[in-house]
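A short worksheet on the structure shown next.
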Ligand code: PLP
């Protein structure tokens, strides 16, 4: 009898999950690093990895409160953090917002999973922008739902096509996801578009999940408009956190704020709370910095203003794409990414996955292929704007070099 046994089986539902930001290319990058190569990681929006520190006041808040962080906290989060987020929503015009509408989690990532797991019956549908931040699609799929992608085309400044969304709504549709400012495109939605989305959701009794983790990262004349005050006729769950605006990705602190039709959401909110109880509590130390983060001077303003790191890096990328004969770019107006495309008239057979693999092998730059963000078009790629402007300019020099080489073959 053979002693060879079959490999341990994995759950089939995991096979349908796509999250290529940290996928096979990132694994290959690690191998190359182990062989001694320097790899420029443009694949993740991780400020700390590029030397952008969490504000010192926040670090002090955590250190001073470490002694209060040893026990499990409440599953919904510690009171001062919830209260601080509620006050932010009060200042956005929702003056009645109370701390008990706020849930703190281990980053927005965990909360996305909790709100979907508490909502979806098998086969129920969630409307998700395309391109999307792929966590949303992955979490819908993992929780038995079906992601219906609504296009946000480059020709429309990556804004949603509202008529198309309307056509995608079926009796099984439960929720509408909005990501504003958007990852990966950098689109910042004007109030008129948000109003249309809110009204559409209310008309069809859909929950709005508004992912606003980049809320204070807007460039030039772009202004962030929160969804919650526009969406009082339905249940709106808005997401924010410390990872991006406050450069504390590693602390794993995010929040979800429930507003709007709360009178019809008691059971649902209790369900989310019940699931949150299964993991006992979110990381406690970082929660002590939420109040400090949301109050007072917002240092992200220095990074997005002229002369600031994100501002200047964005300018460098816009300039590099303008100079390139291969690249088109809808200038990102928010968040910390650019989503250029390789011009189909210049390179009709361009394949984003093959290009990303070759860029990594030959130029040691790690990017994310655009189709990883759940779009069929294979001409885009995403990079983060976090490195210094000159490093990004040099990276685009190498990107153009590879495109020249490919064009010649
Ligand atoms: N939502 C969007 C749009 C993101 O880009 C990210 C991270 O990149 C997240 C959520 C996850 O954030 P967190 O670190 O709070 O889990």
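For the reader, a short list of remarks on this structure follows.
- Any hit, segment 47-62, residues being over 20 Å from residue 178 (Cβ atoms), more than 23 Å from the chain's Cα centre (by Cα) and either buried (at least 18 other Cβ atoms within 10 Å of the Cβ) or within 16 Å of the ligand (Cβ to nearest atom) (or both): yes
- Residue 163 satisfies every condition listed in (1) free of Cβ contacts under 8 Å to residues at least 60 places away in the same chain; (2) in a strand (DSSP E or B) except (2).
- Residues of segment 346-381 satisfying the condition of being under 15 Å from residue 405 (Cα atoms) and either touching a strand residue (DSSP E or B) at 6+ places or on another chain (Cβ under 8 Å) or assigned by TED's automatic domain parsing to the domain that holds residue 135 (or both): 350, 355, 356, 359, 360
- Selection count where residues are surrounded by 16 or more Cβ atoms within 10 Å (Cβ to Cβ) and farther than 28 Å from residue 226 by Cβ, scope segment 70-92: 0
- Considering each residue of segment 301-310 in turn, none proves to be out of contact with any helix residue (DSSP H, G or I) (no Cβ under 7 Å at 6 or more places or on another chain), within 17 Å of residue 44 (Cβ to Cβ) and either in a loop (DSSP other than H, G, I, E, B) or modelled with pLDDT of 95 or more (or both).
- Looking only at segment 154-192, and only at residues there that are surrounded by fewer than 16 Cβ atoms within 10 Å (Cβ to Cβ) and either in the same structural domain as residue 338 (by TED's automatic domain parsing) or in contact with a helix residue (DSSP H, G or I) (Cβ under 8 Å, 6 or more places away or on another chain) (or both), the one that is nearest to residue 256 (Cα to Cα): 191
Per-residue answers, yes or no, for (1) in contact with a helix residue (DSSP H, G or I) (Cβ under 8 Å, 6 or more places away or on another chain); (2) free of Cβ contacts under 8 Å to residues at least 24 places away in the same chain; (3) under 25 Å from residue 47 (Cα atoms); (4) assigned to a loop (DSSP other than H, G, I, E, B):
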| residue | (1), (2), (3), (4) |
| --- | --- |
| 316 | yes, no, yes, no |
| 319 | yes, no, yes, no |
| 322 | no, yes, no, no |
| 356 | yes, no, yes, no |
| 359 | yes, no, yes, no |
| 376 | no, yes, no, yes |
| 383 | yes, no, yes, no |
| 397 | yes, no, yes, no |
| 406 | yes, no, no, no |
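- Which listed residue, of 231, 261, is buried (at least 24 other Cβ atoms within 10 Å of the Cβ) and away from the ligand (no atom under 11 Å from the Cβ): 231
- The residue that is nearest to the ligand (Cβ to nearest atom), among those in segment 195-228 that are farther than 24 Å from residue 107 by Cβ, in contact with a strand residue (DSSP E or B) (Cβ under 8 Å, 6 or more places away or on another chain) and not in a loop (DSSP other than H, G, I, E, B), is 197.
- Selection within segment 43-59: residues that are touching a residue at least 40 places away in the same chain (Cβ under 8 Å) and in a helix (DSSP H, G or I). The member of this set that is farthest from residue 357 (Cα to Cα) is 57.
- Taking segment 93-153 and the strands (runs of 3 or more DSSP E) fully enclosed by it, the elements with 3 or more residues that are crowded, with 21+ Cβ neighbours inside 10 Å and within 16 Å of the ligand (Cβ to nearest atom) are at 102-105, 125-130.
- Checking each residue in segment 234-246 for being away from the ligand (no atom under 11 Å from the Cβ) and either in a loop (DSSP other than H, G, I, E, B) or surrounded by fewer than 23 Cβ atoms within 10 Å (Cβ to Cβ) (or both) picks out only 234.
- Test: residue in segment 185-192 that is free of Cβ contacts under 8 Å to residues at least 40 places away in the same chain and not in a loop (DSSP other than H, G, I, E, B): yes
The values are calculated or read from the model by the stated rules, or taken from the named source; none is laboratory data. Remember, predicted model here, so these are calculated numbers, not experimental data. When we count neighbours, we look across all protein chains shown, and the Cβ atoms used for this are built from the backbone with ideal geometry, even at glycine.
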